[in-house]
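K.L.:
The structure under discussion is supplied below as structure tokens; questions concerning it will follow.
Read-outs throughout are calculated quantities, based only on the coordinates presented, and are distinct from any laboratory measurement. Keep in mind that this is a model prediction, so the values were computed, not measured. Heads up, the Cβs are rebuilt from the backbone with ideal geometry, glycines too, and the neighbour counts pull from every protein chain shown.
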């Protein structure tokens, strides 16, 4: 839990176990890595570039969290989402 | 607990974490906890063109349960010591289990004697 405290109130990217990427402001965490995101959106990867889907407030169960990344706002602003073409991320297979 | 201490000795070193979704992330080990959750600094995803999902991320937290492999710098790992400590821990665990079973069986016999009385 202490490990994630430094990311609180910041823009984070959560990669989920089923292969989705969700970006939002980190509002809450607990010891099982349950995560509350505010003002979040999903980035859907496909051959036509990245589609952004607004989601609002989301609680993601800890079991479903794979990676939490601290988003560098400067770098993120420079991204041209339409030009990034990639396959959807693979799900976690245990 | 052994590997938790082992990872703690590698803080500050560059490691590559391969996840169970085939993503490989290289970065400096910042911290680790008892679940072997890992925090990395200054990360780079291997094959970034193919996996651009974390382009704007510099620092990240990886849940221990999604880690498949951790690639470590060979020069920072003392394999012999690690092996010794692993054996030691395994031996202690065995001893504890044996003690536990002996305790169990002794309480069971006292229970049966008390019923016969």
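K.L.:
What's the exposure ranking of A:81, B:23, B:72, going from fewest to most Cβ atoms within 10 Å? Could you put the intermediate results ahead of the total?
P.N.:
Details: A:81 12, B:23 24, B:72 16.
With the fewest neighbours first, A:81, B:23, B:72 line up as A:81, B:72, B:23.
K.L.:
Among A:55-66, A:8-19, how do they line up from the highest to the lowest mean number of other beta-carbon atoms within 10 Å?
P.N.:
Numbers: A:55-66: 15.5, A:8-19: 18.3.
Ranked by mean Cβ neighbours within 10 Å, highest first: A:8-19, A:55-66.
K.L.:
Follow-up question, since we're still on this one. So what does the Cα-only Debye profile of the protein assembly as shown read at q = 0.09, 0.10, 0.18 Å⁻¹, as log10 I(q)/I(0), no solvent term?
P.N.:
Here log10 of I(q) over I(0) equals -0.45, -0.53, -1.26.
K.L.:
Under 19 Å from a label point 7 Å along Cα→Cβ of residue B:1: give me every residue in the stretch B:74-106 with its amide N that close.
P.N.:
B:82-101, by backbone N distance to the label point.
K.L.:
Across peptide A:69-76, what mean number of C-beta atoms from other chains lies inside 10 Å of a residue's C-beta?
P.N.:
5
K.L.:
Then there is this: What are the semi-axes of the equivalent ellipsoid of chain B, taken as the square roots of 5 times the eigenvalues of the Cα gyration tensor, listed largest first and rounded to whole Å?
P.N.:
On the way: eigenvalues 395, 61, 23 Å².
For chain B, the semi-axes come out at 44, 17, 11 Å.
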